[in-house]
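Here the structure is laid out as structure tokens; the discussion comes afterwards.
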Amino acid sequence: MAKSALITGITGQDGSYLTELLLGKGYTVHGLLRRSSSFNTARIDHLYEDPHTAGRRLVLHHADLGDGVALVNLLRDLRPDEVYNLGAQSHVRVSFDAPLYTADVTGMGTLRLLEAIRASGVDTRIYQASSSEMFGAAPPPQHEGTPFHPRSPYGCAKVFGYWAAVNYREAYGLFASNGILFNHESPRRGETFVTRKITRAVARIRAGLQDRLYLGNLDAVRDWGYAPEYAEAMWQMLQHEAPGDYVVATGVAATVRDFLTAAFGAAGLDWERHVRFDPKYRRPSEVDALIGDAAHAEAELGWKPRVLWPELARIMVEADISLLEAELSGTTVRVDRQ
Ligand code: NDP
Ligand code: GDR
């Protein structure tokens with residue numbers, strides 16, 4: 001029997017890659033779509049199937065991680081084999097401006113989903129999108145045994161979600177796995193995260209549409225991997241014989257400045273001529289260095305990173321240049337071509 005999955009956050013970067021992966025494996029994919037006054041499905045439009053198509057395998061349902069009853073109803077009606085909880089207010093800087101909202105969606109939303117699984121009595125496996133931001137101030141390299149020290153409302157909310165998943169595993173025997181994913185990027189990355197902000201600016205500066213790029217802390221160290229590979233790790237966790245918690249990372253460190261140099265360099269530009277500092281992009285408390293040790297994921301799941309950050313920077317710059325050229329030529333644009 002073909003499997004079915006429910007994905008919260010299906011319209012986000014990771015949700016789109018995971019949907020492609022699962023459809024390719026023959027799954028029927030149900031996505032939780034939150035109500036928006038404008039279209040929010042650009043990343044999955046290329047996978048869209050008309051609701052009147054018989055036997056379609058991608059189905060979207062309006063609901064919200066803030067609405068526990070809607071989650072129970074969805075779980076009860078769909079009875080999916082697997083649930084991937086990717087939905088979140090995922091922006092760290094924004095979480096300082098909207099801390100209670102972030103805690104509600106990112107933290108309580110996870111508990112609502114776990115409780116919906118329990119209340120509906122559905123026999124399913126759940127993947128929880130945990131984050132390297134939970135490590136925060138803990139010195140690198142970080143692994144599954146590193147104590148958490150979150151540095152933002154977002155990080156605190158993810159710690160809550162992490163422990164809620166562990167608790168439902170221990171209390172109710174739920175197959176709940178935490179993927180502790182380090183930063184992962186792609187041409188589909190949201191435009192306000194630093195890598196995509198940089199690669200979009202490179203394309204626009206190269207085309208003469210923009211001259212300045214305003215950024216915050218250039219000294220932060222991150223471990224940037226390639227998002228489609230991280231979606232594979234999520235799926236592998238739910239196919240494993242037992243639930244567990246896994247760090248997923250490349251183990252390779254770079255500063256924001258390093259990424260800037262590579263991205264501008266890929267277009268033959270010098271970042272120092274264009275980048276300016278704006279304090280509004282600094283965080284009240286910063287996470288200085290995240291470098292993951294993914295040895296456990298490699299040993300248990302056979303997962304290994306392939307694309308490292310210099311190649312990632314090049315992939316993203318090339319994609320943003322092509323996207324801009326298509327926009328400027330008036331060609332119908334699909335935001336996500338990879
Ligand atoms: P995105 O920000 O691209 O996507 C977030 C998704 O959550 C979107 O589909 C968004 O919907 C949805 N969402 C937001 N609020 C709600 C809500 N109230 N109810 C239901 N859905 C909601 O994130 P990514 O794809 O990058 O990340 C996926 C998950 O992994 C997130 O939980 C993130 O915190 C976590 N994570 C990400 C990492 C990364 O480097 N990318 C690293 C570690 C963890 P809409 O499109 O309508 O806004
Ligand atoms: P992060 O990603 O906070 O690590 O969270 P982001 O790309 O936002 O920041 C990375 C680093 O770059 C510095 N920075 C800037 N960041 C942004 N967004 N905009 C700027 O102008 C800027 N200038 C400098 C930041 O200070 C930071 O140090 C991401 C999210 O996807 C989370 O959801 C996820 O859990 C973690 O990665 C792992």
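What tally of residues in region 194-213 results from selecting those that are within 9 Å of ligand 2 (Cβ to nearest atom) and either in a loop (DSSP other than H, G, I, E, B) or of a type outside the set (S, T, N, Q) (or both)?
Step one: of region 194-213, the residues within 9 Å of ligand 2 (Cβ to nearest atom) are 194-198, 213.
The next check asks that each one be either in a loop (DSSP other than H, G, I, E, B) or of a type outside the set (S, T, N, Q) (or both); those that pass are 194, 196-198, 213.
Within region 194-213, residues that are within 9 Å of ligand 2 (Cβ to nearest atom) and either in a loop (DSSP other than H, G, I, E, B) or of a type outside the set (S, T, N, Q) (or both) number 5.
Inspect region 298-308 for any residue being in a helix (DSSP H, G or I) and under 19 Å from the mean Cα position of the chain (by Cα) and give the result as yes or no. Give the derivation first.
First, pick out the residues of region 298-308 that are in a helix (DSSP H, G or I): 298-301.
From the residues that got through so far, the ones that are under 19 Å from the mean Cα position of the chain (by Cα) too are none.
Within region 298-308, not a single residue is in a helix (DSSP H, G or I) and under 19 Å from the mean Cα position of the chain (by Cα).
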Can you name the helices (runs of 4 or more DSSP H) wholly within region 31-149 that have at least 1 residues being of a type in the set (A, V, I, L, M) and more than 25 Å from residue 237 (Cβ to Cβ)?
68-78, 92-97, 99-102
Quick one: is residue 216 outside the structural domain of residue 105 (by TED's automatic domain parsing) and either within 15 Å of ligand 2 (Cβ to nearest atom) or touching a Ser or Thr at 6+ places or on another chain (Cβ under 6 Å) (or both)?
yes
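Any idea which residue in region 59-92 is surrounded by the fewest Cβ atoms within 10 Å (Cβ to Cβ), counting only those that are among the aliphatic types (A, V, I, L, M) and within 16 Å of ligand 2 (Cβ to nearest atom)?
Step one: list which residues in region 59-92 are among the aliphatic types (A, V, I, L, M), which gives 59-60, 63, 65, 69-72, 74-75, 78, 83, 86, 88, 92.
If we keep only those that are within 16 Å of ligand 2 (Cβ to nearest atom) as well, we get 65, 86, 88, 92.
Values: 65: 25, 86: 24, 88: 23, 92: 20.
Filtering first and then ranking leaves 92.
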Taking region 16-37 and keeping residues touching a residue at least 60 places away in the same chain (Cβ under 8 Å) and surrounded by 24 or more Cβ atoms within 10 Å (Cβ to Cβ) leaves 16, 17, 18
Assess whether residue 170 counts as being within 14 Å of ligand 2 (Cβ to nearest atom), free of Cβ contacts under 8 Å to residues at least 24 places away in the same chain and more than 12 Å from the chain's Cα centre (by Cα).
no
Please work out which one of (1) surrounded by fewer than 17 Cβ atoms within 10 Å (Cβ to Cβ); (2) out of contact with any strand residue (DSSP E or B) (no Cβ under 6 Å at 6 or more places or on another chain) is the condition residue 254 fails and give its number.
(1)
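Please go through region 43-58 and pick out each residue that is under 19 Å from residue 13 (Cβ atoms) and surrounded by fewer than 15 Cβ atoms within 10 Å (Cβ to Cβ).
Selection gives 45, 46, 48.
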Qualifying position, being within 15 Å of ligand 2 (Cβ to nearest atom) and outside any helix (DSSP H, G or I), among 286, 241
286
Residues being under 16 Å from residue 247 (Cβ atoms), surrounded by fewer than 24 Cβ atoms within 10 Å (Cβ to Cβ), within 16 Å of ligand 1 (Cβ to nearest atom) and not aromatic (Phe, Trp, Tyr): count how many of those fall in region 137-164.
7
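The values are calculated or read from the model by the stated rules, or taken from the named source; none is laboratory data. It should be emphasised that the depicted structure is a prediction, and the values quoted were computed from it without experimental measurement. With ideal geometry, Cβ positions are generated from the backbone for all residues, glycine too; neighbour counts draw on all protein chains shown.
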